[in-house]
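The values are calculated or read from the model by the stated rules, or taken from the named source; none is laboratory data. Please read these numbers as outputs of a predicted model, since none were measured by experiment. In this analysis, Cβ positions are derived from the backbone assuming ideal geometry, glycine residues included, and neighbour counts consider all displayed protein chains. To get the accessible areas, we keep the full protein, side chains included, count just its heavy atoms, and leave off ligands, DNA and RNA. Shrake-Rupley method; radii C 1.70, N 1.55, O 1.52, S 1.80 Å.
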Amino acid sequence: MDRRRVIIEGVQPEIDAGRFPIKRVVGDEVTVEADVFTDGHDLMTSRLLWRHEKQRSWRHAPMLPLGNDRWRGSFGVESLGRYRYCIEAWVDPFRTWRSDLDKRVAAMQDVGVDLQIGAAWLEQAAARARGRDAESLRRAAVTITDERVAQAERAAAALDRALSTLVSLYPDLSHATRYDIELEIVVDPARAQFSAWYEAFPRSMGEEGRHGTIADVEARLPYIHELGFDVLYLPPIHPIGTTKRKGRNNAETASADDVGSPWGIGGVEGGHKSVHAELGTIVDFEALVMSAGQYGIDVAMDIAFQVSPDHPYVQAHPEWFRARPDGTVQYAENPPKKYQDIYPFDFDSAEWRSLWEELETIFRFWIEKGVRIFRVDNPHTKPFPFWEWCITRIKQKYPDVLFLAEAFTTPRRMERLGKLGFSQSYTYFSWRNDKASLTEYMEQLVQTDVAEYLRPNFWPNTPDILTEYLQTGGRPAFMNRVILASMLSSNYGIYGPAYELLSHRPAKAGSEEYLDSEKYEIRSWDLEDNHSIARLIARLNEIRKENVALHTNHTLRFHRVAGGGRESEGQESEHIIAFSKASGGDRVRSLNPHGDTLGEPVVVDAPGSDANNVILVVVNMDVAATHHGWVAVDLAALGIDPSRPYILHDLLSDARYEWAGALNYVELNPHAVPAHVFRITQPETQAQRIDVDTES
């Protein structure tokens, strides 16, 4: 029969009854809550257990009651890899006795017998203790029952907090309840949580339209570094097939000088473990990875599990592909569209095991060449079990490797990929271009359990996505979207130089494909073009790095903006969106982006990484017209004293404003800069004020 009296339920965070791990990065504080209760009036003790997968012994921290049988505890994760956590609770007879004794003493009752009962509890604790602690507990038992000492003094000794703390170190766990599930955490490097990606085609980095090389990519690193990006993502760099190669603008027939799509992987020179001859060699690529690292940039590689008809796999392993009744290989289709230049793998093949194992070696090959970040093409079109198997195996040996899921599919599929191990995910941000839908979407990503396993990566454009908003909105649209992407999400990226140079012409009306797309041809870009918004992008990335509040999403909060009059109950503005992020509490440090081993976390200095770093962003989402309104700042949530003025430093314009109270006026012209990015401070005294402008 089971004598465990404590019930533990309602544990958070917990994903699908413990089926999947939650995600954190090195240096994070993990907060756990649960409903913990028992029958009767006895007091309980609850504690949080945790350990790294390489450690055998559990560490523990107290859980504290929040009210209504809800308890909370926390611990820090200091190393890459997997952690386990659990909750343990028990009826605590010593705490119960001590609480009752305190009440009896306050009521001036005789507690002689109660002290004898307490001495018995102390003796039992002493039997579980060792060394000096055991001796101290036995002496305490003697002291509180020594009738030569006044009862009031003995009671005071029994109620001593130090004694209670000592007893708590040696609990009786014989009837303790431990939660049924040992929950897991995947701990990634800080780059998983905070990153800025820049996508560029190597073959377009040559001068005057010649085919670029990996050496040209290396020469472009200073530019990318000046823009402030820390991840350089390259589309596939492998040999490109010639059979059924697509021409410019996705033409069915290619001319002799057409270069083809990099996603048509494989030719006579090799496949997924080879470099396109015109780009260079694997040695050149390894040199690029090393050079990028000197700029603080990680090189991310595209992994597309598909092949051209010329890929060596087609001849060596026909069993990995689906045969058509006429004896040809099944090419990719999305009826009525046909992609004769691409063969998908048959994951349902009878030889699926050998296929899975070979695909895993592709990741391992490039990991050994220095790659630690992979952008995976269309992972939702491959079996979920494959990804869980593959990513788990890779991260067991290489816990610092990250995977970005390029999965523009249904929410449930995207969420499943996050649960299975993908470190980051593309999102629907590209198409959330109005205030209401963007606010709703962010709340889904940040304020639900989705935040425990899916890290959003916001991209306003990609080589496949040129939204109508960017096609028609002009320069204001490009400024608007990069400001929102970089400030709303701690992970974001752009496809450049198309983005900073405001490339906006679609292949045809109603299409989201670029005209003269780099997917099918070499493009030349004038990085010195006067219309470039590169300086704005560089400033945004600088702001992100200097303000630790922007390194995570969990503190994101939206604030009301009333259009028209000052009244707080005025109608919500449809065009101006306001949101904040704030640091403080558990995480006020910036970590080495590559994480750490099982030792101490590596902490690096970060400007603005104070414990009260507050950022307020206000954006005009209408690309055509100036709008104004009254921002209703939730001062209490941001730790601002409503009785005193506070200072807002606009990090984009360098202007400073003094605001008072919750409601303050803003006006934004989309053709200038469509946003304020404010850092909020509140001087302690009048003498600490600085001269500011007043916005009215």
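Using a 10 Å cut-off on Cβ atoms, rank the peptides 499-511, 43-55 from the highest mean neighbour count down.
Highest mean packing first, the order is 43-55, 499-511.
Compared with the alpha-carbon gap, the fully stretched path from Gln12 to Ser99 is longer by 28.4 nm at 0.36 nm per residue. From largest to smallest, the equivalent ellipsoid semi-axes obtained for segment 230-309 from the alpha-carbon gyration tensor read 26, 13, 11 Å.
In order along segment 554-560, the phi-based Karplus estimate (6.51 cos²θ - 1.76 cosθ + 1.60, θ = phi - 60°) of 3J(HN,Hα) comes to 5, 9, 4, 9, 8, 10, 5 Hz; Gly and Pro are listed as x. Mean residue ellipticity at 222 nm, helices only, the chain: -8000 deg cm²/dmol; runs of at least 4 DSSP H residues each add -39,500 (n - 2.57), and the sum is divided by the number of residues. If you add up the charges near Gln12, with Lys and Arg at +1 and Asp and Glu at -1, over every other residue whose beta carbon is less than 12 angstrom from its beta carbon, what do you get? Once positives and negatives cancel, what remains is -4. Over the Cα atoms of segment 1-43, the radius of gyration divided by the Kirkwood radius equals 1.12; this is the Rg/Rh ratio.
Extension gain, Ala507-Asp257: 0.36 nm per intervening residue step, less the Cα-Cα distance, totals 87.9 nm. Size descriptors for segment 358-432: radius of gyration and Dmax over Cα atoms are 12.4, 39 Å. With the convex hull of the Cα atoms taken as the outline of segment 1-109, the averaged projected area works out to 9.4 nm².
For the ranges 12-19, 474-481, what's the packing order if you count other beta-carbon atoms within 10 Å of each residue, average per peptide, and put the highest first?
Ranked from most to least packed, the peptides come out as 474-481, 12-19.
Based on the reciprocal of the average 1/r between different C-alpha atoms, the Kirkwood radius for segment 629-679 equals 11.8 Å.
The share of Cα pairs per 10 Å bin across segment 242-378, counted from zero up to the longest distance, runs 11, 37, 34, 16, 2, 0 percent. All other residues whose Cβ lies under 15 angstrom from that of Glu574 are scored, Lys and Arg at +1 and Asp and Glu at -1, for a net of -1. The Kirkwood radius of segment 172-243, taken over pairs of alpha-carbon atoms, gives through the Stokes-Einstein law at 4 °C and 1.567 mPa s a diffusion coefficient of 78 µm² s⁻¹.
Candidate cross-link partners of Lys337 among the lysines, defined by an alpha-carbon separation under 16 Å and a same-chain spacing of 8 or more, comprise Lys244, Lys246. Considering all C-alpha pairs of segment 442-562, those separated by over 23 Å amount to 39%. Other residues lying with their Cβ under 15 Å from the Cβ of Phe285 contribute a combined charge of -4, Lys and Arg counting +1, Asp and Glu -1.
Considering the chain, its Cα convex hull presents a mean projected area of 39.6 nm².
Here the translational diffusion coefficient of segment 298-429 follows from Stokes-Einstein with Rh set to the Kirkwood radius across Cα pairs; for 25 °C and 0.890 mPa s it amounts to 156 µm²/s. Per-residue packing, averaged as other Cβ atoms within 10 Å, sorts the ranges 194-206, 291-303 into the order 194-206, 291-303, beginning with the highest. Taking 56 Å as R0, compute the FRET efficiency from the Cβ-Cβ separation of Ala655 and Asn378 and round it to 0.05. It comes out at approximately 0.80. Share of carbon and sulfur in the accessible area of the chain stands at 49%, probe radius 1.4 Å.
If I take R0 = 56 Å and measure r between the Cβ atoms of Thr626 and Ser349 in this structure, what FRET efficiency does the formula 1/(1 + (r/R0)^6) give, to the nearest 0.05? Efficiency computed from Cβ-Cβ geometry: 0.40. Stokes-Einstein, applied to the Kirkwood radius of segment 149-207 over Cα pairs at a viscosity of 1.567 mPa s and 4 °C, places its translational diffusion at 68 µm² s⁻¹. Rg/Rh for segment 118-217 (Cα atoms only, Rh after Kirkwood) is 1.65. What segment 252-310 shows is 39 Å² of accessible area per residue, with the surface traced by a 1.4 Å probe over protein heavy atoms.
In the chain, the DSSP beta bridges split such that about 75 percent are antiparallel, to the nearest 5.
Mean separation of Cα pairs under 8 Å and 6 or more residues apart, divided by the residue count, gives segment 59-157 a relative contact order of 18 percent. Excluding ligands, DNA and RNA, the accessible surface per residue across segment 421-557 is 34 Å² with a 1.4 Å probe.
Measuring how big segment 99-152 is from its alpha-carbon positions, Rg and Dmax come out at 12.1, 37 Å. For the pair Thr392 and Glu443, the difference between a 0.36 nm per residue extended length and the Cα-Cα distance amounts to 15.4 nm. I need the fraction of alpha carbon pairs in segment 271-313 separated by more than 14 Å, rounded to a whole percent. Within segment 271-313, distances greater than 14 Å cover 60 percent of Cα pairs.
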